[in-house]
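J.: There's a structure below that I have some questions on.
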Amino acid sequence: MARSLKIVGCDVQVYALNTVKHFVDPSTLPAFFQKDFNFSAEKIDTKVTIGGVIKNLFSKSSYNVDRFYSRDVEESLATLLRRDQFDIIQLETLFTTPYVDLIRKHSKAKVILRAHNSEHIIWERLSKLESSPFKKWYLSFLAARLKKYEMEVLSKIDAIIPITKIDAAVFKYSGYTGPMLTVPLGIDMDQYPLQDFNPELSVFHLG
C-alpha cells in the first residue's frame, strides 16, 4: 500500500515498531525503504511476562494492547510529529492505537486504522478451542478486555480500512458509523511473472 501511495504522488513516511520477537536490522532493508518512505523504526519489547500478566489482572486494560506501548516509542513518535506535518496518519493494526491520544496532541492529521482483523474475534475463537479450563478462562478474559478496547478505539479514529468485507461488517455491527473502505491485500504482480507449470499439480496458498 505504501508503494502504491508513492506511485500516485503521495509523500509517504513509514515509522515502524521493531519488536524484539521479530526484530529486523534496518540496515538490511532494501534501499527504497529510506529513499521512498523516509523509513524509521523504534525497538520495542512486546514479550509476555509473568509480571506483566499479574499486573494486568489488577487493571482494566487489555494486556494484548498494553504490550505495544513504550515510553521510548512515544517520545520518538512525538519528536517526529512535532517535526513534520501530515494530512493522514495510518495506523497498521489495532496494536498501534495506544498512540492515538499522542497523535491527536501533536498533529491535526486524520487518523485512519488499517484493520488487519477484528482482533477480539480471533481471541474468542482461541478460547472456544482451548481444552484446558484455566487457559480457556484466561483466553476468554483476554478476548473480553480486547473487545472492550477495540470498541472504544472506534470512537477515536476518523476512518477504517479493513482488509475484508467480513471485518467491515463486524465493525458496522459493533456500532461503527464512520467512513470505511475495504482494501484487500495488495500484491505487486511484477514480482510474480506468469510461468509454464505442470497442470497435474498446481498449488497456491496465501494464509
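J.: So how compact is the chain: Cα radius of gyration and Dmax in angstrom?
T.: Over the chain's Cα set, Rg and Dmax evaluate to 19.3, 59 Å.
J.: For the range 110-164, what is the accessible area per residue in Å² when the probe is 1.4 Å?
T.: Values: 2960 Å² over 55 residues.
The answer is 54 Å² per residue.
J.: Another one. Is it possible to state the helix-based mean residue ellipticity at 222 nm for the chain, with each DSSP H run of 4+ residues giving -39500 (n - 2.57), the sum divided by total residues, to the nearest 500 deg cm²/dmol? What is it?
T.: Working: 9 runs with 85 residues, N = 207.
Helix-only estimate at 222 nm: -12000 deg cm²/dmol.
J.: Which residue, Asp190, Asp72, Asp84, tops the fluctuation ranking in a GNM of the chain built on C-alpha contacts under 10 Å?
T.: Asp190
J.: Count the net charge of all other residues whose Cβ sits under 14 Å from the Cβ of Ser61, scoring Lys and Arg as +1 and Asp and Glu as -1. The partial results should precede the final answer.
T.: Numbers: positive: Lys55, Lys60, Arg67, Arg145, Lys147, Lys148; negative: Asp66, Asp101, Glu150, Glu152.
Within the 14 Å Cβ shell, the charges total +2.
J.: Looking at the range 49-161, what % of the alpha carbon pairs are farther apart than 16 Å?
T.: On the way: 4026 of 6328 pairs.
Cα-Cα pairs in the range 49-161 separated by more than 16 Å: 64 percent.
J.: Report the FRET efficiency, 1/(1 + (r/R0)^6), for Ile7 and Ser27, where r is their Cβ-Cβ distance and R0 is 25 Å, rounded to 0.05. Each step should come with its number before you reach the end.
T.: On the way: r = 25 Å, r/R0 = 1.01.
Plugging the Cβ-Cβ distance into 1/(1 + (r/R0)^6) gives 0.50.
J.: Compute the length gained on full extension between His116 and Lys148: take 0.36 nm times their separation in residues and subtract their Cα-Cα distance, giving the result in nm to one decimal.
T.: On the way: separation 32, 0.36 × 32 = 11.52 nm, distance 1.76 nm.
Full-extension gain reported as 9.8 nm.
J.: With charges set only on the Cβ (+1 for Lys and Arg, -1 for Asp and Glu), what does the dipole of the chain come to about its Cα centre, in debye to the nearest 20? Spell out each step's value before the answer.
T.: On the way: 27 positive and 24 negative charges, 193 e Å.
It works out to roughly 920 debye.
J.: Mind checking the dipole of the range 100-207: about its Cα centre, +1 per Lys or Arg Cβ, -1 per Asp or Glu Cβ, Debye to the nearest 20?
T.: Numbers: 15 positive and 12 negative charges, 173 e Å.
The dipole of the range 100-207 has a size of about 840 debye.
J.: Could I ask something else about it? Considering only protein heavy atoms and a 1.4 Å probe, what is the carbon-and-sulfur percentage of the accessible area of the chain? Could the numbers behind the result be given before it?
T.: Details: 8360 of 14270 Å².
Accessible surface attributable to carbon and sulfur in the chain totals 59 percent.
J.: Ok, one more. Run the numbers for Ile88 and Thr49: contour at 0.36 nm per residue of separation, minus the present Cα-Cα distance, in nm. Let's see the in-between values first.
T.: Numbers: separation 39, 0.36 × 39 = 14.04 nm, distance 3.46 nm.
Result for the pair: 10.6 nm of gain on full extension.
J.: Once the dipole of the chain is set up with Lys and Arg at +1 and Asp and Glu at -1 on Cβ about the Cα centre, which of Met189, Val53, His120 lies farthest towards its positive end?
T.: Value: Val53.
J.: Hey, if you put +1 on the Cβ of every Lys and Arg and -1 on every Asp and Glu Cβ in the chain, which of Val12, Ile163, Leu81 ends up farthest toward the positive end of that dipole?
T.: Positive-end residue among those listed: Leu81.
The values are calculated or read from the model by the stated rules, or taken from the named source; none is laboratory data. Since this is a predicted model, take the numbers as computed values, not measurements. Methodologically, a virtual Cβ is constructed for each residue, glycine included, from the backbone with ideal geometry; neighbour enumeration extends over all protein chains shown. Areas reflect the complete protein model, heavy atoms only, side chains present, ligands, DNA and RNA absent. Shrake-Rupley method; radii C 1.70, N 1.55, O 1.52, S 1.80 Å.
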